[in-house]
Amino acid sequence: MTMDRIKKLAETSVTTALSKGAETAEVAVRESTDFEVTVRKGRIETLTEAVSSRIAITLSLDRKRASVTSSDLSANSINGLITEAVELAGFMDRDGYFAMPENGELGRVKTDLELFDPEAVELPTDRKIQLAMDLERAACGMDKRIIPNGASFSDSVVTNVFANNLGFCDGYRKTYSSIDISCAAEDRPERGDNSGKKQSSYWFSTAVRFNDLEPVEEVARRAVDRTIRKLGAVKPRTCKVPVVFDPLTAGMLLSYIASAVNGENIYKKSSFLVDMTGTQIATPAVTIIDDSLLPGKLGTRPFDSEGVRTRTNVVIDRGVLKSYLMDSYQARKLGARTTGNAGGVSNFYLVPGTAGPGEIISSINEGLYLTSISGPGANWTTGDFSQGGQGIWIEGGKLSYPVSEFTITGTFQQMFGDIEMIGNNLTWRTSITAPTLKIARMTISGT
């Protein structure tokens, strides 16, 4: 559907809800066109093209709220959906904190946020398939040991529209493109315990604009390097040493902080940062920002999922916790104002420092360069951190040999208080991102 037709559908749905007795009504409509191709060993394994639609309706009577969703956008279906929502609301408990956002908060950013790429929309299917083929071919040509697990290209065109009974109705279109590859290699080292096993890794690039994707050769090289450098991995000894988080693991670390500052987790008291605003929670080198206004980035949006104008929020400023990230309901529960974060974080990032990654590594006589973390042991409720890890051991300021099958432990409080260096290599591969960072000391549990 065109943007105008989707807006009209949303507005009509709001009007219908009010005519059926709703006191407030919010309608979100999302339409998405998605493409994905995966190739393996020079052949197409999967190819999908799909158009999907979704409508979400939230309404209230006497502050009793109900929400319903459907993928059927026909008039009869939406009419029945609204009737169902009105009936459901009658059974809900009254919530004194529920109300619509304040009128002054509603609106959209007027500047061009560069969310839509016409070139991505016009890219022919055979070109998309060829990119995946070229990616796999490039990786296999870089090292004979590489076993391809699959290379993919995908893209999406998404239309989002939101309307409510306060008169707000607006929408935007956004494009996404992505390439990725996973590969493996037989691990038959002279030393180490992994003989006969396979080591695997991956690399990817994602962007709003097609031309912002990393070149195929670079994605392939990174995937191959990350795979081959795992060969011959050994368990490190149990010790306490400095740890360097590479950008991927640093980004995962930051994602836990994003959960810890989420308004719902705060008012439910399921975060180690409850009642900590105004408190020094990290070294002064740490500034974390959530910015919806960065042009052309993956998390950029002109308004949030309840129609509130988005903005730049400084979450941690030179180590001091300044703000939680909240929608209007969460903000009321906490006695604050919405930060324009209905729907979650936008572009959430650690402000880069001045040190290059090589400079950070060279500052360590013995320690760990962490390249992968996994497991359920990162608890933002208590602040405890315990993850399985893989990486490269640092000796004499240089990357020495691969290590795996160990656990890295600490607490978020200790880790962010012990950040000694922050890299200058911030890249926007995902909407939550961080540069390389060095933590003074963590516990490594190995042999």
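The values are calculated or read from the model by the stated rules, or taken from the named source; none is laboratory data. Computed from a predicted model, the values in this text were never measured in an experiment. No Cβ is skipped: glycine too gets one built from the backbone with ideal geometry, and neighbour counts run over all protein chains shown.
Brief remarks follow.
- Subset of the range 362-376 [within 25 Å of the chain's Cα centre (by Cα) and either basic (Lys, Arg) or farther than 12 Å from residue 404 by Cα (or both)]: 375, 376
- Members of the range 72-115 found to be among the hydroxyl-bearing types (Ser, Thr, Tyr) and at pLDDT below 95, listed by number: 97, 111
- Here residue 120 meets the list (1) over 29 Å from residue 221 (Cβ atoms); (2) of a type in the set (A, V, I, L, M, F, W, C); (3) within 23 Å of the chain's Cα centre (by Cα) almost entirely, failing just condition (1).
- Every listed requirement among (1) without any contact (Cβ under 8 Å) to a residue 60 or more places away in the chain; (2) surrounded by fewer than 20 Cβ atoms within 10 Å (Cβ to Cβ) is met by residue 217 save one, (1).
- Where strands (runs of 3 or more DSSP E) fall wholly inside the range 357-447, the ranges with 2 or more residues that are without any contact (Cβ under 8 Å) to a residue 24 or more places away in the chain are 384-395.
- Filter result for residue 161 (within 19 Å of residue 310 (Cα to Cα) and assigned to a strand (DSSP E or B)): yes
- Each residue in the range 54-67 was checked for being without any contact (Cβ under 8 Å) to a residue 40 or more places away in the chain and within 20 Å of residue 8 (Cβ to Cβ), and 3 of them qualify.
- Each residue in the range 268-313 was checked for being free of Cβ contacts under 8 Å to residues at least 60 places away in the same chain, surrounded by 16 or more Cβ atoms within 10 Å (Cβ to Cβ) and not in a loop (DSSP other than H, G, I, E, B), and 3 of them qualify.
- For the range 331-361, the tally of residues that are over 23 Å from the mean Cα position of the chain (by Cα) and of a type in the set (A, V, I, L, M) stands at 5.
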